[in-house]
Structures are given as structure tokens and as C-alpha cells.
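Chemist: Please find one structure pasted underneath; my questions will follow.
All of the numbers you see were taken from the coordinates with simple rules; none came from a lab. The shown structure was predicted, so the numbers you read here are calculated from the model rather than taken from an experiment. With ideal geometry, Cβ positions are generated from the backbone for all residues, glycine too; neighbour counts draw on all protein chains shown.
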Amino acid sequence: MNKLLTVVLAILGGIDVTIYIVTPILISAIWINIATISTWNTYIFIVLGVLATLFRAIKVGFLKREDD
């Protein structure tokens, strides 16, 4: 595989992982803006989005782990 194709695939992979990790926060932010919730429900959506993002980040981190 030539170097240009490798660079393009690496960039696309990075974009894919970034979107995969940030999606829960974006969805919760959009939902809050649409529903205009300004009570304790807002904090629940934000916390769930952050927790889902952390779970996905940990999951992506363990995908690269090799068992010895």
C-alpha cells in the first residue's frame, strides 16, 4: 500500500473514532436544545452523554490492547 493511501486511511479512521466517541454528547446537546429542558432533566441528559462517551473511549482504548 502506498504512503498516500495509508495517510488517507489513517485520517478517515481518526475521524471515525472521534465521531463515534463524541456522538452521545452531541445527541444529548441537540435534545436539550430542541426540548428546551431547564430542570434537573438537563443534568441527567448531560451526565448520561458524558458517561456514554467515557464508556466508548474506554472501549476504543481496549480494542488496541493485545493479550500477552
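Chemist: Output yes when any residue across segment 34-56 is touching a residue at least 40 places away in the same chain (Cβ under 8 Å) and surrounded by 11 or more Cβ atoms within 10 Å (Cβ to Cβ), and no when none is.
Modeler: There is no residue in segment 34-56 that is touching a residue at least 40 places away in the same chain (Cβ under 8 Å) and surrounded by 11 or more Cβ atoms within 10 Å (Cβ to Cβ).
Chemist: Scan segment 4-22 for residues that are out of contact with any Ser or Thr (no Cβ under 8 Å at 6 or more places or on another chain) and closer than 15 Å to F55 by Cα and jot them down.
Modeler: The answer is V17, T18, I19, Y20.
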